[in-house]
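Student: One structure, pasted below without further comment.
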Amino acid sequence: MPPSPASPFPSGRPRGRATAAVALCAGLAVALSGCADPDEGTNGVGRLEAGAIEQKARTAVGAATAVRVTGALVTQGQTYRLDMRLKKDGGQGSVTARSTTFALLRVGDALFLKGSEDFWGQAAGPGPGASAGASGSSGSSGSSADVAGKLGGKYVKVPSGDPAYRQLRGFTDLGALLDGLITLDGEPVKGERPTVHGVQTVEITGGEDAKGGRLDVSLHGAPYPVRLERAGGAGTLTLDDWGKDFPLKAPAKDETVDYGSAIPRT
């Protein structure tokens with residue numbers, strides 16, 4: 001009878017030792033992989049303390065050229081739902097308040113407001129010395145229904161001296177809006193690492209209980225804020241399309257109405 005093929009494990013005992021060795025090596029590999037650096041391949045802000053991460057986010061916001069802001073903002077007891085695209089020289093988008101939506105467009109210092117007839121029908125009435133003619137033509141002020149019919153669906157230029165100008169402009173101002181929002185109340189605390197709209201982030205909260213707000217900062221690319229929960233339940237906003245440019249130009253003449261030195265109260 002020919003001899004049996006040589007075996008690397010001529011007896012049971014050595015085979016058992018080898019199996020144990022393989023298992024030990026496999027276990028060691030798993031243990032080592034569990035100790036891998038979770039920030040490998042990221043922008044590194046996850047390694048920082050909470051306060052430093054918050055500052056990095058604020059610095060990134062300050063250098064941003066454009067952003068899209070969507071979500072709810074609560075101020076002075078009023079809830080506004082925003083969908084705004086902003087950049088250094090203006091912005092455009094929509095704001096919903098009291099179940100009514102209106103559009104805002106700002107190019108430089110020129111601010112335009114567009115609402116439906118229903119929107120203008122809720123106005124208190126025509127402003128003093130108002131003219132309801134289109135694009136600089138004159139006309140007499142009439143009832144709220146007349147005003148709504150003439151302004152509905154048109155861009156109305158908001159005079160810089162109108163009391164509404166400053167408030168409405170705030171929705172279109174990248175620097176002013178974000179500077180007032182990217183703020184946490186209380187000592188910042190580093191939290192979990194949630195994925196927000198497909199973006200890996202590190203969470204910073206205001207205080208251990210997060211009552212001072214919550215900020216999710218991107219772990220890839222520039223450390224931009226991706227989501228903001230404001231303190232006191234004052235709204236949650238998503239911030240994306242950072243640095244993504246978009247066209248911005250004043251509306252055509254036939255799309256606008258010049259209402260004079262003051263617009264109806266909105």
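The values are calculated or read from the model by the stated rules, or taken from the named source; none is laboratory data. Keep in mind the model is a prediction, meaning the values are calculated, not measured. Neighbour counts run over all protein chains shown; Cβ positions are idealised from the backbone, glycine included.
Student: Could you check VAL189 against (1) farther than 28 Å from LEU86 by Cβ; (2) in contact with a strand residue (DSSP E or B) (Cβ under 9 Å, 6 or more places away or on another chain); (3) modelled with pLDDT under 95 and say which number it fails?
Tutor: (3)
Student: So in the range 84-97, with the set limited to residues that are surrounded by fewer than 17 Cβ atoms within 10 Å (Cβ to Cβ) and not aliphatic (A, V, I, L, M), which one is farthest from the chain's Cα centre (by Cα)?
Tutor: ASP89
Student: Let me ask something else about it. Out of everything in the range 145-164 that is more than 30 Å from GLY62 (Cα to Cα) and basic (Lys, Arg), what residue ends up being surrounded by the fewest Cβ atoms within 10 Å (Cβ to Cβ)?
Tutor: Only one residue tops the list, namely LYS154.
Residue-wise test of (1) among the charged types (D, E, K, R); (2) part of a strand (DSSP E or B); (3) touching a helix residue (DSSP H, G or I) at 6+ places or on another chain (Cβ under 8 Å); (4) buried (at least 18 other Cβ atoms within 10 Å of the Cβ).
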site	(1), (2), (3), (4)
ARG166	yes, no, no, no
LEU184	no, no, yes, yes
ARG193	yes, no, yes, no
ASP209	yes, no, no, no
GLY212	no, no, yes, yes
LEU215	no, yes, yes, yes
LEU228	no, yes, yes, yes
GLY243	no, no, no, no
PHE246	no, no, no, no
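Student: Taking the conditions exactly as written (surrounded by fewer than 21 Cβ atoms within 10 Å (Cβ to Cβ) and not in a loop (DSSP other than H, G, I, E, B)), does GLY180 satisfy them or not?
Tutor: In short, yes.
Student: Only residues that are surrounded by fewer than 20 Cβ atoms within 10 Å (Cβ to Cβ) and either within 12 Å of the chain's Cα centre (by Cα) or without any contact (Cβ under 8 Å) to a residue 40 or more places away in the chain (or both): list them for the range 64-83, please.
Tutor: Hits for the range 64-83 are ALA66, ARG68, THR70, GLY71, ALA72, GLN76, GLY77, GLN78, ARG81, ASP83.
Student: Oh, and also: Only residues in the range 242-266 that are on the phi > 0 side of the Ramachandran plot count as the first member; pair them with residues that are modelled with pLDDT under 90, Cβ under 8 angstrom, at least 6 apart or cross-chain, and list the lot.
Tutor: Taking only residues 6 or more apart or on different chains, the pairs are GLY260/GLY127; GLY260/GLY129; GLY260/ALA130; GLY260/SER131.
Student: Any chance the range 110-128 includes a residue that's modelled with pLDDT under 90, closer than 16 Å to PRO251 by Cβ, outside any helix (DSSP H, G or I) and more than 32 Å from the chain's Cα centre (by Cα)?
Tutor: Looking through the range 110-128, none of the residues is modelled with pLDDT under 90, closer than 16 Å to PRO251 by Cβ, outside any helix (DSSP H, G or I) and more than 32 Å from the chain's Cα centre (by Cα).
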